[in-house]
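The values are calculated or read from the model by the stated rules, or taken from the named source; none is laboratory data. Fair warning: this is a prediction, and the values are worked out from it, not measured in the lab. Backbone-built Cβ (ideal geometry, glycine too); neighbour counts: all protein chains shown.
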Amino acid sequence: MSSEKIALTQTVHKGGCAAKVAASELRKILRQVKFPAAHSALLVDGGLFDDAAIYKVTDEIALVQTLDFFTPIVDTPKLFGEIAAANALSDVYAMGGRPKTAMGILAFPIATMSEQVIVDVMQGASDKIAEADANFVGGHSIDDDTLKFGLSLTGFVHPQKVWSNAGARAGDHLILTKPLGTGTMTASLKRQESTESDIAEALHSMAMVNNAVDYLTPQMTGHIHAATDITGFGLSGHAMQMAQASRVSLRVKTERLPRFAKALHFLEKGFLTKAHRTNAQYTESQIDAEKLDSLHKLLIHDPQTSGGLLLSVSAEMSSLIVQALRAKFKSAEIVGEVLPPQDKAVIFE
């Protein structure tokens, strides 16, 4: 079976970040685990569902540690590797860090797939790791029934310059760097109702490395108070987690949310994933989306794979920051603001 002929999305039941364990179920599981007491050098752990852990090494250096892997979300092996790597690298960038080393996580059905498939997957990942100026240093593989691939990453950040999801301040503006809609568009691909060419804009976005740090001046980065990347729990879930971690509320102007040109069309056609439902359930008690029509309600719950960064930034610097980000992220937009705590964590208007 050649790499060119296999359609990877047809070999798995769920693809990309839509394959995540539902957030409410994950929280239920984690509450039953007794974790070790945190070391004093551990600045950020998993308690607030942040994107990566931060461990202080010296007064100048902290480690950023994360991992991410999933099943194929596209048909082309090399593109799958690119997207899987970009998605994993995003967690380091979402903490304000820079990735340094990457290790591959691979499950591969060696009896039913050509080795050329995984060569292409790993080459796609390697290309993105090189783009991030990091090193591909090894990994671990198993023989499994379905293909899964991702990365374990280590990066560096200054301990005083960490972006977490817990720093949003009332009065901040919210910036989203990539369009929404990867979940529904890739669902159409898996159902063979579209081709990769039909959803090229989403594929390009998912393969784009979320390196915002290098496009901002030190003055600008100092005005970024909180950050998270939008992935499998959708804009609704990740925005809710930022609001709860920061003990604020977010007001999102839904008409300003960047979205792919065909996103609402695919949602209207009913190309949905299980995560559309579980994300809605996860957030229903903590968000106010009553003013939205049915399609925009689906859009805010759409599970993103390698989605954009949601940044909480000083209002006086937001226009300059979004202008700088547009050098790479053409769709970057100011989409809302941070409020003192309200009845709901996130208010969609």
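Only one of Ser40, Ser24 is more than 18 Å from Ala130 (Cα to Cα), among the hydroxyl-bearing types (Ser, Thr, Tyr), more than 19 Å from the chain's Cα centre (by Cα) and surrounded by fewer than 21 Cβ atoms within 10 Å (Cβ to Cβ); which?
Ser40
Would you say Ser246 is over 13 Å from the mean Cα position of the chain (by Cα), crowded, with 24+ Cβ neighbours inside 10 Å and not aliphatic (A, V, I, L, M)?
Yes; evaluated as a whole, the condition is true for this residue.
Determine the pairs where a residue that is more than 12 Å from Thr146 (Cβ to Cβ), located within the stretch 105-119, has a partner that is among the acidic types (Asp, Glu) and surrounded by 14 or more Cβ atoms within 10 Å (Cβ to Cβ) with Cβ atoms under 9 Å apart, the partner being 6 or more residues away or on another chain.
So the pair list comes out as Ile105/Asp68.
Are any of the residues in the stretch 160-168 closer than 23 Å to Thr221 by Cα, over 20 Å from the mean Cα position of the chain (by Cα) and in a helix (DSSP H, G or I)?
yes
Among Ala62, Ala52, Ala19, which is under 22 Å from Ser205 (Cβ atoms), small (Gly, Ala, Ser) and modelled with pLDDT of 85 or more?
Checking each option against the conditions leaves just Ala52.
When you go through (1) more than 30 Å from Ala41 (Cβ to Cβ); (2) surrounded by 16 or more Cβ atoms within 10 Å (Cβ to Cβ) one by one for Asp172, which number turns out not to apply?
(1)
Please go through the stretch 69-101 and give me each residue that is surrounded by fewer than 24 Cβ atoms within 10 Å (Cβ to Cβ) and part of a strand (DSSP E or B), ordered by number.
Phe69, Arg98, Lys100, Thr101
Filter the stretch 128-157 for residues that are farther than 17 Å from Phe69 by Cα and not small (Gly, Ala, Ser); which is surrounded by the most Cβ atoms within 10 Å (Cβ to Cβ)?
Val157
Hey, among Leu299, Leu310, Leu320, which residue is under 17 Å from Ala202 (Cβ atoms), in the same structural domain as Thr273 (by TED's automatic domain parsing) and in contact (Cβ under 8 Å) with a residue 40 or more places away in the chain? So that I can check it myself, show each step before the final result.
Details: Leu310 fails: under 17 Å from Ala202 (Cβ atoms); Leu320 fails: under 17 Å from Ala202 (Cβ atoms).
None of the others qualify; the one that does is Leu299.
Do the conditions hold for Glu196, that is, is it of a type in the set (D, E, K, R), in contact with a helix residue (DSSP H, G or I) (Cβ under 7 Å, 6 or more places away or on another chain) and surrounded by fewer than 21 Cβ atoms within 10 Å (Cβ to Cβ)?
Taking the combined requirement at face value, the residue satisfies it.
When you scan the stretch 138-147, do you find a residue that is part of a helix (DSSP H, G or I), touching a Phe, Trp or Tyr at 6+ places or on another chain (Cβ under 7 Å), in contact (Cβ under 8 Å) with a residue 40 or more places away in the chain and not charged (D, E, K, R), even just one?
No.
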